[in-house]
1. Between rounded, prolate and oblate, where does the range 316-360 land on the alpha carbon gyration tensor, with a ≥ b ≥ c its root eigenvalues, rounded for a/c under 1.5, else prolate if a/b exceeds b/c?
2. I need the phi-derived Karplus couplings for the range 338-344: 6.51 cos²θ - 1.76 cosθ + 1.60, θ = phi - 60°, integer Hz, Gly and Pro marked x.
3. When Ile335, Ile192 are ordered from fewest to most other Cβ atoms inside 10 Å of their Cβ, what list results?
4. As a test, work out the antiparallel percent of DSSP beta bridges whose residues both lie in the chain, rounded to the nearest 5.
5. Considering amide H positions built from the backbone, and no H for Pro or chain starts, which residues 5 or more places from Phe97, or on another chain, come under 5 Å of its amide H?
6. For the range 307-344 and the range 208-238, compute the distance between their C-alpha centroids and round to whole Å.
7. In nm, to one decimal, how far is the Lys283 label point from the Asp323 one, both placed 7 Å along Cα→Cβ?
8. Glu376 to Ile182: FRET efficiency via 1/(1 + (r/R0)^6), r the Cβ-Cβ distance, R0 45 Å, to the nearest 0.05?
Amino acid sequence: MENLYPILLWAGRMAAISLLVLIAWAIYYDRSKTTMAPGFDHPWKLRTLHCLLIMTMTLGKILEWLGLCKQINFTRFMLNLKIAKLHPSLSTKDLCFDGVPVRIYQPKAPSAGRRKGFVFFHGGAGMMGSIDYYQDVCSKLAKDSQAVLVSVGYRLSPEHPYPTQCEDCLAATVHFMKNAEIYGVDPSQIVIGGDSAGGNYATAIAQKLVGRPDLPKLRAQVLMYAGTQAMDFNLPSYQQNGAMPLLFRDSVTFYGLKYFGKSTSLSDDLLRGSHVPDEMRLKCNKWISLENLPERSLRRGYQQIPEAPCKPEVYEQLPEILDISFSSLFADDAIIRQLPETFMVTCEYDVLRDDSLLYKKRLEDNGVKVSWFHSENGFHGVINCIDLWFLTFPAGIEILDRVTEFVQSL
């Protein structure tokens, strides 16, 4: 017992020193890698959030080096420590739809008729995120829209490789559409949507459901800063927001390659566009042209970069990245024109901003009704910051308010 106190004191000092070193590293990394756009309203708040993320990722990497756990598993664990709240006006049930875990949010108040349904796919690059982590978001959406919301807990990469994630979301959606009345939902009033990767899944699923005679037609889709193409990583938003937290330009290709189970050594080739075959570029350039972007997208220091020649050996390793099941922007007009009414959210300080704007233009050109909300102070992942004490961002609350207004208006 006499030796216990010095040991504990030494351990405490080492833990404090380690924490200080970790904080110092996070601050250094943030300051050296991040470029805050001049017009952004909450730079220090976002820097703080970014530093916490860097600390989590760094500690996870150290634990992986030590052989204790994988970085991705530690990151998921830390994210799920967030205390998620459920509004008292809602009840929840955890079920499985065709083998896929879901959480159903239902308003407790009686309804005069059947409610709208909202199937929600969470973001997280297909590798992170969960039903629990997104409970704050889903609770607010269900409470404010008074819809029955289904949050889909699809399986994650890399344990479950692409296209498992989209297939799980599709299976859960089809099950709900076929059984909507059991949950008090009007089958003709079902909306699908999500944020980031979840928005990408929503675009792919809406396209897959086109022309399904065994299902009712989707009422609408809600796409919050969704990725829609993997052909051009030099669009204005990728250049202007390439060093803006919480998603860097380099991170898009890095996590994309991880998601597909490919070597991250291909990242530079993707950023240059060396993965795009000439025939694909010839077909799709009309849809990815700068002429399809609003003039405001070009304001903040955009420089057109020449297209890199295709490297066939790179494309052969990544053919699925340009397939419409991932790059939904490139679907044929015959599919696009049958898509449901759409609500599109873009964020000014998001690398994926122009992906969504290009998809918006394609929908409009094919006669699809589109409502659009542009968050002037939004950044990638902002809807997850609606209840984080001093790290709460008004832009995230505003986005979810606009989404629920759209759902209510249908």
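1. oblate
2. 9, 6, x, 3, 10, 10, 10
3. If I rank by nearby Cβ atoms, fewest first, I get Ile335, Ile192.
4. Close to 30 percent.
5. Val102
6. So the separation of the two Cα centres works out to 10 Å.
7. Output for this residue pair reads 1.4 nm.
8. The formula returns an efficiency of 0.60 here.
Rule-based calculations on the coordinates, nothing more; no lab input. Computed from a predicted structure; not experimentally measured. Cβ atoms come from the backbone with ideal geometry, glycine included; neighbour counts cover every protein chain shown.
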